[in-house]
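Below is one structure, written out as C-alpha cells; the observations come after it.
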Amino acid sequence: MTGPEHYRSAEQLLKLTEEGGEQMTADAQRTGALLAQAHATLALTAATAQLLTDRYVGDGDHINAWTKAGIR
C-alpha cells in the first residue's frame with residue numbers, strides 16, 4: 001500500500017468503528033481503532049520519508065496521490 005492508501009484506510013476504519021457504535025463488541029471496536037492507528041502511522045511514515053527524499057524533485061504521481069487523498 002502507498003501512504004495515501006494507508007491514510008484512506010485509516011479514515012475508513014475509524015468511520016466504520018464510529019458508525020458501529022453499540023452494535024459492535026468492545027473487542028471489535030478496539031480492533032478497528034488499532035487497525036486505523038496502524039494505517040495512520042504507516043501513512044505518516046510514508047509522508048515523512050517522502051518529504052526527506054523528494055524535497056527537490058518536484059511534481060509526480062507519488063506526490064499527487066497525497067493531494068488526491070486530501071492531504072496538502
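Laboratory data are not the source of any read-out in this text; all were calculated from the coordinates shown. Computed from a predicted structure; not experimentally measured. Here the Cβ positions follow ideal geometry from the backbone for every residue, glycine too, while neighbour counts run over all protein chains shown.
Extension gain, Thr45-Glu19: 0.36 nm per intervening residue step, less the Cα-Cα distance, totals 6.6 nm.
If I stretch the segment between Thr2 and Asp27 completely, what's the gain in nm (0.36 nm per residue apart, minus their alpha carbon distance), one decimal? Display every interim value, and only then the final one.
Details: separation 25, 0.36 × 25 = 9.00 nm, distance 2.77 nm.
Fully extending the segment from Thr2 to Asp27 adds 6.2 nm.
Electrostatic tally near Gly21: other residues with Cβ closer than 15 Å to its Cβ, Lys and Arg +1, Asp and Glu -1, net -2.
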